[in-house]
1. Under the rule of at least 5 residues apart or a separate chain, name every residue whose amide H is placed under 5 Å from the amide H of A:Gln127.
2. Would you mind computing Rg(Cα) / (2.2 N^0.38 Å) for the stretch A:100-245, counting N as its residues?
3. How do B:Val28, A:Val218, B:Val139 line up, fewest other C-beta atoms within 10 Å first?
4. Normalise the Cα radius of gyration of chain A by 2.2 N^0.38 Å (N = residues in it) and let me know the number.
5. Compute the helix-to-body angle for A:92-106: its Cα long axis versus the longest principal axis of chain A, expressed 0 to 90° and rounded to tens.
6. Angle check, please: helix A:205-243 long axis (alpha carbons) against the longest principal axis of chain A (alpha carbons), in degrees 0 to 90, nearest 10.
7. Sticking with the crude label model, points 7 Å out along Cα→Cβ, report the distance from B:Val112 to B:Glu194 in nm, one decimal please.
8. When A:Tyr178, A:Tyr234, B:Tyr83 are ordered from fewest to most other Cβ atoms inside 10 Å of their Cβ, what list results?
Amino acid sequence: MEKPKLIIDGKRLDGRSLDEMRPLKIQAGVLNKADGSAYVEWGANKVLAAVYGPRECIPRHDASPYRAVIHCRYLMAPFSTLDEHGRSGPNRRSIEVSKVIKEVFENVVMTEKFPKTAIDIFIEVLQADGGTRCAGITAAAVALADAGIPMKDLPCAVAVGKIENEVAVDSGKLEDNYGDGDMPIAIAPRNNELLLLQMDGMFTKDELRKALELAFSVFPKINALQVEALRAHYAVKKDEVDRGD
Amino acid sequence: MMVIWMARIVVPGELLAGSPQRIEFAYVENGRTYSSVLGLFDEANPRVIPLEGPYMPAQYDIIVGIVNEVKFAGYNIDINSPYRGFLSAKDSRYEHKLGDVISAKIVEVDEVKNVDLEGARSLKDGEIIEISPAKIPRVIGKKNSMLDMIRDATKSEIFVGKNGRIWILGGNSALAVRTILKVEKEAHTTGLTERISDFLKQEVSK
């Protein structure tokens, strides 16, 4: 495919402005058998996160007598993109993404409360449209809270892209593929601590500053939706009570 | 039916107080107190009640366990927790088989969460249901009020383990199960005791 024009009259391919996020929908507690779960639709991304634990650590030699270990598995379904993703299962990219997501949560989960155990986070990308690791982090944070696991904060994430020398927040797949740079950012919204900052491509100092500024302008919206999803999950139960089920 | 919330729902990282306070399921940073779990925050009497979460073994808790492994020295007991219990054969008056359901008291939990059990009794026959351990206090009620009410209405023998397992024998056990699951589902609302009382009256008169 030839490189499309990514910005026309200050508008992006899907009609968004540079500082505009794609529509985001979060739902908590979607899976019955998981201790905690969440489903996120972010633009055309569809991501499911499930959390199990704290539970006995397998393999046993991975366990720590001081804290819980966090296992994270991020996977893209073979049918999640237009391109052939080959057979399912971890690959080089997903192993890296799993590692960075694990490190995001190691910084907020109070692991010292559960020695000798493991907390397992599963992130399944059902449909991908750029920024899936950020959608995964956003979903996994809600799933962890839904599992009742103590955390210092509810992390949220967004990717900022550089397209045609402009910095734009929440880049989509085409902007990711044909743009000049991509920067996934995750924070703890309580104190705005950075938990993840990766960069692909080239950003100047000013562009980096601009990217962070744009990301921080959308984090409050993402966080509000996460909190709303958790509250709504319990409000549903309240409705059932009102109906007298 | 009107249901009034017991308290406000808080999420991890939510500010609870501008001053440092010692509250379970909360933490203090830079002189402020934040919630660490998804729970209900009772402002009048500052405490956080988690809505979900695993069972953490504590000394003197009475639990319902399942024998997981029989060894020479004793038994490994599944206590519905990230940790397993150990019942020493030396301290045990009875012999247990794999898969037996027992009630036991936790005598000690050490710093690496080795859980020692004592005073095990077999719970023969009956059925067990598992609910979220965070909701057990509501099933018991103030001074056993909820539990006594369910026992009276169903004529079942009910044994509640702190770890979220409940053993039920005889009587109208189907109603007992339904009532307990209803309590679990509505645990975070007020006026629960009256509602359950009405529910039981209605069901028994059917």
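Please treat every number below as a calculation from the coordinates, not as lab data. Keep in mind that this is a model prediction, so the values were computed, not measured. Cβ atoms come from the backbone with ideal geometry, glycine included; neighbour counts cover every protein chain shown.
1. Hits under the 5 Å cutoff: A:Lys46.
2. Values: Rg = 17.2 Å, N = 146, 2.2 N^0.38 = 14.6 Å.
Ratio of Rg to 2.2 N^0.38 Å for the stretch A:100-245: 1.18.
3. On the way: B:Val28 15, A:Val218 18, B:Val139 21.
So the ranking, lowest neighbour count to highest, is B:Val28, A:Val218, B:Val139.
4. Details: Rg = 18.5 Å, N = 245, 2.2 N^0.38 = 17.8 Å.
Taking the Cα Rg and dividing by 2.2 N^0.38 Å, one obtains 1.04.
5. Taking the Cα atoms of chain A, the angle to A:92-106 is about 60 degrees.
6. 40 degrees
7. 5.3 nm
8. Values: A:Tyr178 16, A:Tyr234 19, B:Tyr83 22.
Ordered from fewest to most neighbouring Cβ atoms within 10 Å, A:Tyr178, A:Tyr234, B:Tyr83 come out as A:Tyr178, A:Tyr234, B:Tyr83.
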